[in-house]
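Below is one structure, written out as structure tokens; comments come after it.
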Amino acid sequence: MNKIALITGISGQDGAYLAKFLLSKNYKVIGGERRSASGSLWRLNELGIEKDIEIVDFELSEFTNIYRVIEKYKPDEIYNLAAQSFVAASFEMPIMTSDVTGLGVSRILEAVKNINPSIKFYQASSSEMFGKVSESPQNEKTIFYPRSPYGVAKLFGHWITINYREAYNIFACSGISFNHESPLRGNQFVTKKITHGLSKVKLGILDYIELGNLDSKRDWGYARDYVEAMYLMLQQKKPDDFIIATGKNYSVRDFIEETCAQLKIQLEWTGEKENELGIDVHSGKEIIKINPKFYRPSEVDLLLGDAKKAKNILNWQPKTNFKKLVQIMVESDYSKLKSI
Ligand code: NAP
Ligand code: GDP
């Protein structure tokens, strides 16, 4: 009998890569998609797996819907990847983010507890929970100090996962993933904004891109590598929590410079703070400008993960370094834009 996995957030970046990976392991994949007028599964399409997945209506804010889906499809494993996942939006929509990203986790766990407590559960936790970091690198024992409604909501999801494991013996794991990117990353996230925007600049379709804080540092990995760690967590003898990270971090500025190098744009920085500009040396054009509207009310300056535990217990480690990640994203964006 094939194992059945329910992936919530199937239309998102990780949902697509995880579905592809689980299909390769012969799982039957049920994909939870929230209802929308324009519902798009373009990521599944791009990976060529849209027809291999059974799509079901799934809404994190609606307990009765979650209950019925789990009761009907009887999954062996649930991967909760659904969330309001964008930090900047969480400042504009803190209540919805708390409800969906935070309480949504309780709704699933409560349904699991009542329907079948032997269902294995994966919660997509986030390095944003470390926020104003107390030590570097961050590991599973580092104190949390979230800096956004998103980070606070994820922290609730993390602890409620641990609580259901301890209180009801549910096989519930929390993967504390650091930022992970890919050609399927949402357009608002800074990496994709840079690779897509600067590819357009290179092709002469766009004059410049506008960004916020260039000095924050992130530990960026490749999403395709990270979904394998999610699967591995649910295949262990006992449930636990793991950091998933590369152990190297770079600034937003570094990401821009690497993108320009890949696109063969010679870049020069001038000015400071809001007046800083990225100039294309050959054309003399201003191709990067700062717009303070992209600053966050409270920022996470630095994230750097220590994934030793995942290496020792899951035998997981990232396969893709920073340079390669930027290359994969730039090549994808540039070639797609060029062929339009
Ligand atoms: P993503 O691309 O933004 O996908 C989020 C998914 O959640 C989408 O399918 C979205 O549906 C769905 N969703 C949003 N609100 C929902 C609701 N009310 N009910 C049901 N589904 C809802 O995020 P991702 O990058 O794949 O990340 C996957 C998970 O890992 C998220 O929980 C994220 O917070 C977490 N995480 C991500 C990273 C990272 O760097 N990528 C790092 C740490 C943790 P629509 O398509 O309809 O919007
Ligand atoms: P996050 O780590 O989940 O918030 O991922 P993002 O990709 O949204 O942001 C990463 C970092 O890039 C944060 O420190 C942002 O403040 C910074 N950043 C700078 N300019 C931008 C921008 O224009 N958009 C986004 N999304 N982030 C930006």
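Relative to the longest principal axis of the C-alpha atoms of the chain, give the angle of the C-alpha long axis of helix 322-338, reported between 0 and 90° and rounded to the nearest 10°. Taking Cα atoms only, the helix is inclined about 80 degrees.
Taking a 26 Å limit on the Cα-Cα distance, which of the listed pairs LYS51/LYS72; LYS192/LYS323; LYS20/LYS132; LYS193/LYS273; LYS120/LYS192; LYS192/LYS338 fall beyond it? Pairs exceeding 26 Å: LYS20/LYS132; LYS120/LYS192. Can you tell me what share of the DSSP beta bridges in the chain is antiparallel? A percent to the nearest 5 is fine. Here the antiparallel bridges make up roughly 20 percent for the chain.
Peptides 158-169, 242-253, 46-57, 187-198 ordered by packing proxy, namely the average of other Cβ atoms within 10 Å per residue, highest first: 242-253, 187-198, 158-169, 46-57. Enter the angle in degrees (range 0 to 90, nearest 10) between the Cα long axis of helix 104-115 and the first principal axis of the Cα atoms of the chain, meaning the one along which they spread out most. Between the helix axis and the principal axis of the chain, the angle is about 20 degrees.
If every alpha-carbon in region 90-181 counts as one equal scatterer, what log10 I(q)/I(0) does Debye give at q = 0.12, 0.18, 0.21 1/Å? With one equal scatterer per Cα and no solvent, log10 I(q)/I(0) is -0.38, -0.80, -1.01.
The local environment of ARG253, defined by Cβ-Cβ distances under 11 Å, has a net charge of -4 under the rule Lys, Arg +1 and Asp, Glu -1. On a C-alpha basis, how far is the centre of region 186-244 from the centre of region 29-67 in Å? Whole number, if you could? With region 186-244 and region 29-67 each reduced to a Cα centre, they are spaced 22 Å.
Mean residue ellipticity at 222 nm, helices only, the chain: -11000 deg cm²/dmol; runs of at least 4 DSSP H residues each add -39,500 (n - 2.57), and the sum is divided by the number of residues. Over region 63-219, the Kirkwood radius and the radius of gyration, each from Cα atoms, give a ratio Rg/Rh of 1.04.
An ellipsoid equivalent to region 163-228, defined through the eigenvalues of its Cα gyration tensor, has semi-axes of 36, 13, 9 Å when rounded to whole angstrom and sorted largest first. In whole percents, the pair-distance distribution calculated for region 298-340 from its alpha-carbon pairs, binned every 10 Å from zero, is 21, 28, 31, 17, 3. Here's the list of aspartates and glutamates a cross-link from LYS74 could span, going by alpha-carbon distance under 20 Å and ignoring same-chain residues fewer than 8 apart: GLU33, ASP52, GLU54, ASP57, GLU59, GLU62, GLU110. In region 75-217, taking the dipole from charged Cβ atoms about the Cα centre, the farthest positive-side position among TYR79, VAL112, PRO183 is held by PRO183.
The mean accessible area for residues of the chain, using a 1.4 Å probe and ignoring ligands and nucleic acids, is 46 Å² per residue.
Against the longest principal axis of the chain, how steep is helix 223-233, in degrees 0 to 90 to the nearest 10, with axes from Cα atoms? It is inclined by approximately 20 degrees.
Kirkwood Rh over alpha-carbon pairs of the chain, then Stokes-Einstein at 37 °C and 0.692 mPa s: what D in µm² s⁻¹, rounded to an integer? After rounding, the answer is 159 µm²/s. Run the accessible area of the chain with a 1.4 Å probe and give the carbon-and-sulfur part as a rounded percent. Solvent-exposed carbon and sulfur of the chain make up 49 percent of the total. With the convex hull drawn around the C-alpha atoms of region 206-336, the volume per residue stands at 130 Å³.
The values are calculated or read from the model by the stated rules, or taken from the named source; none is laboratory data. Note that this is a predicted model, so its numbers are computed, not measured. As a convention, Cβ positions derive from the backbone with ideal geometry for all residues, glycine included, and neighbour counts pool all protein chains shown. The area values use the complete protein model at the heavy-atom level, side chains included, leaving out ligands, DNA and RNA. Shrake-Rupley method; radii C 1.70, N 1.55, O 1.52, S 1.80 Å.
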